[in-house]
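K.L.:
Below you'll find the structure I mean.
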Amino acid sequence: MIFPQPDLLRPPLRALGISPDVTAFERAHYRAMVVQDLAGTPPVPGTWWREYLVGYLAACGVPEDRCRDLAIEVAEATAGRAWTHVGTGVMPGLRALAALGLPMGVVSNSDGTVQAELRRLGVCCAPDGQQPAPNGVQVGVVVDSAVVGIAKPDPAIFGIALAAIGVPASGTVLYVGDSLRYDVAGALAAGLQPVHLDPHGFCPAPDGHPHVRTLTELARSLDRQEPYPRMP
């Protein structure tokens, strides 16, 4: 739902003569997630942001031989403050899902700040005694891996969210995410039905799980009660 802030990434790219628009920046995110999914092993702790940026910058047009050095530079300069761009179409899609009246929650591999950031950005908020986020969507829970000490794809983190919203794990519970490694694999391990958010058709292993291009598309499918392929 939130992406790296283009304003933080434009200066080093412009220095290389590269000027992506917002659409290209968001597209680069999905390319970077594919790089993560295809890697033999996940990044070691503490290096995820840097390794993600290698793929992200390549997708923005940075020459391959410059990507790693620039990723190190950008990672150091932006650590802890980069994920502040609300994706195009996120809010209409999230509101359309909320209008269906289904229990919803957020499960994120983050650094302990995701709930506060989602609230501050007006995306969504969970009941915690504070005022609802301006123009945001109310959700049942926001689970942050740094807070609970468990990260996707460990199925236990999904169990925490399900317990909070009072929904048992089953193949009728959808978990929407943009990563095969963290979201699709994690949801399957937790006994849920993964739905791959894949706006550009980049999924390197598309068989065996459904895909949507936007949250609005998902909401329309659910509203029409269209069936999704279930787990075997």
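K.L.:
Cβ-Cβ below 7 Å, separation at least six or inter-chain, first residue in region 156-171 and farther than 18 Å from G101 by Cβ and modelled with pLDDT under 95, second among the aliphatic types (A, V, I, L, M) and surrounded by fewer than 17 Cβ atoms within 10 Å (Cβ to Cβ): which pairs?
P.N.:
Between residues of region 156-171 that are farther than 18 Å from G101 by Cβ and modelled with pLDDT under 95 and residues that are among the aliphatic types (A, V, I, L, M) and surrounded by fewer than 17 Cβ atoms within 10 Å (Cβ to Cβ), the close pairs are G171/M231.
K.L.:
Can you spot a residue in region 104-117 that is over 27 Å from P153 (Cβ atoms) and not β-branched (V, I, T)?
P.N.:
No, region 104-117 contains no residue that is over 27 Å from P153 (Cβ atoms) and not β-branched (V, I, T).
Here's the yes/no breakdown for (1) surrounded by 13 or more Cβ atoms within 10 Å (Cβ to Cβ); (2) of a type in the set (F, W, Y); (3) closer than 29 Å to Q115 by Cβ; (4) modelled with pLDDT of 95 or more:
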site	(1), (2), (3), (4)
V54	yes, no, yes, yes
A59	yes, no, yes, yes
R68	yes, no, no, yes
E73	yes, no, no, yes
R81	no, no, yes, no
H85	yes, no, yes, yes
R95	yes, no, yes, yes
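The values are calculated or read from the model by the stated rules, or taken from the named source; none is laboratory data. This one's a predicted model, so the numbers in the text were calculated from it and none came from an experiment. Quick reminder, even Gly has a Cβ in these numbers, built from the backbone with ideal geometry, and neighbours come from all protein chains shown.
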